[in-house]
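J.: What follows is a structure written as structure tokens; I'll ask about it next.
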Amino acid sequence: MANKIAVEKAKSSKIEDVDFDNLSFGSVYSDHMLVCDYKDGEWKSPKVVPYQPITLDPSAKIFHYGQSIFEGMKAYKDENGKVWLFRPLENFKRLNKSAQRLAIPEIPESYFMDGLNTLIQLESDWIPQNPGSSLYIRPFVFASGNGFHASPADEYKFIIACAPSGAYFSGKVKVLIEETYSRAANGGVGYAKAGGNYAGQFYPTQLAAEKGYQQVIWTDDNTHEFIEEAGAMNVFVRINDTLMTAPTSDRILDGITRKSILDIAKDEGIETEVRKISVHELVEAAENGSLKEMFGAGTAAVVSPISGFGYHGKDYDLPDLEESYASLLKQRITDIQYNRAEDKFGWRHQVI
Ligand SMILES: Cc1ncc(COP(=O)(O)O)c(C=O)c1O
């Protein structure tokens, strides 16, 4: 049986102040959040409370040792007002995988799932219905316990906050294949959604932006010869008619969009390969015209097409296809997410 989650309602709603026709991504927050505290060796009962600032001691370990993990997911409202999540258990499992790696106590499944359902039911008016819009959901956990000693904290906070967000139209992006910096290393935390992974990406991404590239393609830390991720997304490449992506490892985030796209592509009869993809192979394919598409895949943008890449001081352009895998796969996955198509994989989770 589902846990009953205590709810303290906000005295008034901010919803009237929100321009739902002009939402950017993740910058307006709904009225409530889920909060759950870890103290005295256990996660206490989660509760939904009004969205509010958090007070922390300057010695809280999050500030010093970066024990911080998060997830990103979305709630979708269909034409009939029904509310859906997409593979939420996958986010729950990945949060705990991240927790384990960062020595953060794992969250009980019922706290995550029942807390999420209660919160999203309460915030359902905050789910925009404009095409491509959704309620972005940010579960996160951080060390709230105090102490300058470099060791895991004895107190943590698990919070789920929500941000109504418009479609994430970034347009096509030009990317730089990274030859110097790495986002992850063997034995490191690349497979976890640890806050520090993203902090480490900002500087190389700024350098790439100064050269006119919007995103970085991360390569393996050892040789920089194999492509691994596209910014904060998994990366797909189409050579001739084969769709490929790098295998997950301890350097690559096991993206939920990535694995869903692989299943959908197979279902569409598209040949797929999960294997190491070398930069050499990409350059050669770009030069002989067999490189048809590249795109990033992740919850926020779903699919983010790439217009070309820079490598070793040279730019390589990709063709502008009328019928791309990127647009076909984006359509198929969003049709499932928004309950516009049959859910043959059993990925949708109904909230209301
Ligand atoms: C580094 C990284 N890779 C890939 C992804 C895509 O994962 P998902 O499809 O589960 O959102 C994300 C975003 O969550 C990410 O941060």
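J.: Just how many pairs of Lys in the range 217-352 have C-alpha atoms closer than 23 Å, counting pairs that are eight or more places apart or on different chains?
T.: Going through the range 217-352 pair by pair, I get 13.
J.: In addition: Aspartates and glutamates within cross-link reach of residue 39: Cα-Cα under 19 Å, excluding same-chain residues under 8 positions apart?
T.: Residue 39 reaches 57, 106, 109, 154, 155.
J.: Obtain the nm distance between the two label points defined at residue 11 and residue 169 by a simple spin-label model: each point lies 7 Å from its Cα along the Cα-to-C-beta direction.
T.: 4.0 nm
J.: Take the alpha-carbon positions of the range 261-347, form their convex hull, and give its projected area averaged over all directions (one quarter of the hull surface) in nm².
T.: Computing the convex hull of the Cα atoms and averaging its projections yields 6.7 nm².
J.: I would also like to ask the following. Hey, what do the phi angles of the range 89-99 turn into as Karplus ³J(HN,Hα) couplings, whole Hz, using 6.51/-1.76/1.60 and θ = phi - 60°, x for Gly and Pro?
T.: Once θ is set to phi - 60°, the couplings for the range 89-99 become 5, 5, 5, 4, 5, 5, 4, 6, 5, 5, 4 Hz.
J.: Using Cα pairs closer than 8 Å and at least 6 residues apart in sequence, work out the relative contact order for the chain, in percent.
T.: For the chain, the relative contact order is 19 percent.
J.: Same structure again: How do the peptides 323-335, 112-124 rank, highest first, by the average count of neighbouring beta carbon atoms within 10 Å per residue?
T.: Packing proxy ranking, top to bottom: 112-124, 323-335.
J.: Also, quick follow-up: Hey, got the dipole for the range 6-167? About the Cα centre, +1 on K and R Cβ, -1 on D and E Cβ, debye to the nearest 20?
T.: That gives a dipole near 380 debye.
J.: Another question, then. Please name whichever of 143, 103, 161 sits farthest to the positive end of the charge dipole of the range 6-167, dipole taken about the Cα centre and charges placed at Cβ: Lys and Arg +1, Asp and Glu -1.
T.: Comparing the listed Cα positions along the dipole, 103 ranks first.
J.: At 7 Å along Cα-to-Cβ for each site, give me the label-to-label distance between residue 314 and residue 280 in nm.
T.: Once both label points are built, they end up 1.5 nm from each other.
J.: Next question, about the same structure. Explain nothing, just compute: Karplus ³J(HN,Hα) = 6.51 cos²θ - 1.76 cosθ + 1.60, θ = phi - 60°, for every residue of the range 164-169 in order, whole Hz, x for Gly and Pro.
T.: x, 9, x, 4, 8, 8
J.: Farthest toward the dipole's positive end in the range 1-82, which of 30, 75, 6, given Cβ charges of +1 (Lys, Arg) and -1 (Asp, Glu) about the Cα centre?
T.: 6
J.: For the chain, give the magnitude of the charge dipole about the Cα centre (Cβ charges: +1 Lys/Arg, -1 Asp/Glu; no others), in debye to the nearest 20.
T.: 820 debye
J.: Around residue 56, which amide H atoms from residues at least 5 apart in sequence, or from another chain, sit under 5 Å from its own amide H, with H modelled in the peptide plane?
T.: Those lying under 5 Å, H to H, from residue 56: there are none.
J.: To one decimal place, what orientation-averaged projected area in nm² is obtained for the convex hull of the Cα set of the chain?
T.: 18.7 nm²
J.: For residue 222 and residue 59 in the same chain, what is the full-extension length gain: residue separation times 0.36 nm, less their Cα-Cα distance, in nm?
T.: Stretched out fully, the residue 222 to residue 59 stretch lengthens by 55.1 nm.
J.: Another question about this same structure. Extension gain residue 20-residue 340, at 0.36 nm per residue separation less the Cα-Cα distance, in nm?
T.: Taking residue 20 through residue 340 to full extension adds about 113.0 nm, to one decimal.
Computed from the coordinates by the stated procedures, all read-outs in this text should not be read as laboratory data. Keep in mind that this is a model prediction, so the values were computed, not measured. We place every Cβ from the backbone using ideal geometry, glycine too, and count neighbours over all the protein chains shown.
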